[in-house]
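The structure appears right after this line, and notes come after that.
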Amino acid sequence: MGYKIQAKYAGDNRVVNKTIWVDKNGTYQKKYKLNDFDFYAVYLPDIDKVVYPSINFNGCYITTQIPNSATPFYW
């Protein structure tokens with residue numbers, strides 16, 4: 001059994017929950033659904049690492065430092 005992985009660059013450490021593309025007819029966007037793929041492959045440039053969170057983490061932020069905020073975060 002293989003896994004479906006969506007690769008993303010996360011300059012702001014956010015796990016992207018949609019894809020956007022442009023063609024000659026305009027700009028489009030599609031929000032990901034739970035059955036679109038199994039894991040994200042997210043590159044975090046601040047620490048030069050790739051992490052593989054579940055699609056359940058879409059829209060969440062991944063941090064490598066303890067934030068001074070009440071906003072939930074994930075290591």
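Does any residue of the range 53-73 turn out to be modelled with pLDDT of 80 or more and over 12 Å from the mean Cα position of the chain (by Cα)? The answer is no, given that none of the residues of the range 53-73 is modelled with pLDDT of 80 or more and over 12 Å from the mean Cα position of the chain (by Cα).
Anything in the range 5-32 that is among the charged types (D, E, K, R), modelled with pLDDT under 80 and not in a strand (DSSP E or B)? List them, or say none. Of everything in the range 5-32, just one residue is among the charged types (D, E, K, R), modelled with pLDDT under 80 and not in a strand (DSSP E or B), namely 12.
The values are calculated or read from the model by the stated rules, or taken from the named source; none is laboratory data. The structure displayed is predicted, hence computed values, not measured ones.
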